[in-house]
Amino acid sequence: MGSNEKGGNEKMPLIPSERERRRFTRIDFATSIEIVVGSETVLPEPVFNVSVGGIMAHVPEPLTPKITVTVRIRFEGVGKGGVFIEAVGEVIRSSAADRGGFNVAIHFIEMNDDSYHHLRKLVLYNSANPKRVEKEL
């Protein structure tokens, strides 16, 4: 996913093969996120699990598998107006959580170059094994 001629606005496909779906290093992270489903915005708890391939979040109501959603991860206080990652994703599963609510797994299928760059850095700098992350990317 390097840069492209159109800058940070071109959407990049992120659809790995079935075998590759779980190959990316995951990290636990806490910040504000939104999941947009049609015209409705769901606000998950701020602690979630993320990789360059997708996200696992805890939400109050289940989301229907196979629907397309938009995920926004915002980092307040970084840059002018904050930095955010925005990705289009597909809900892979939504299951009841032991603590109430639901754990929802979302596979990223598209994001622009800027979002990919920020997500890559987020995972790289928060991973216990940055060299492994570099190899994955």
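The values are calculated or read from the model by the stated rules, or taken from the named source; none is laboratory data. On a predicted model such as this, the values are computed, not experimentally measured, just so you know. Note that we place each Cβ from the backbone using ideal geometry, even for glycine, and neighbour counts take in every protein chain shown.
For the range 9-43, residues that are more than 15 Å from GLU86 (Cα to Cα) and modelled with pLDDT under 90 total 16. Taking strands (runs of 3 or more DSSP E) as the structural unit, those lying wholly within the range 25-68 and holding at least 1 residues that are in contact with a helix residue (DSSP H, G or I) (Cβ under 9 Å, 6 or more places away or on another chain) correspond to 27-30, 47-51. Close contacts from the range 112-132, counting a first residue that is under 19 Å from ALA87 (Cα atoms) and at pLDDT below 85 and a second that is crowded, with 19+ Cβ neighbours inside 10 Å and hydroxyl-bearing (Ser, Thr, Tyr), with Cβ to Cβ under 9 Å and a gap of 6+ residues or different chains, come to VAL123/THR25; VAL123/SER51; LEU124/THR25. Of the residues that sit in the range 91-100 and are surrounded by fewer than 17 Cβ atoms within 10 Å (Cβ to Cβ) and either of a type outside the set (Gly, Ala, Ser) or not in a loop (DSSP other than H, G, I, E, B) (or both), which one is modelled with the lowest pLDDT? If we take residues in the range 91-100 being surrounded by fewer than 17 Cβ atoms within 10 Å (Cβ to Cβ) and either of a type outside the set (Gly, Ala, Ser) or not in a loop (DSSP other than H, G, I, E, B) (or both), then ARG99 is modelled with the lowest pLDDT. Candidates are the residues of the range 24-46 that are among the acidic types (Asp, Glu) and surrounded by 12 or more Cβ atoms within 10 Å (Cβ to Cβ); the one that is farthest from THR70 (Cα to Cα) is GLU45.
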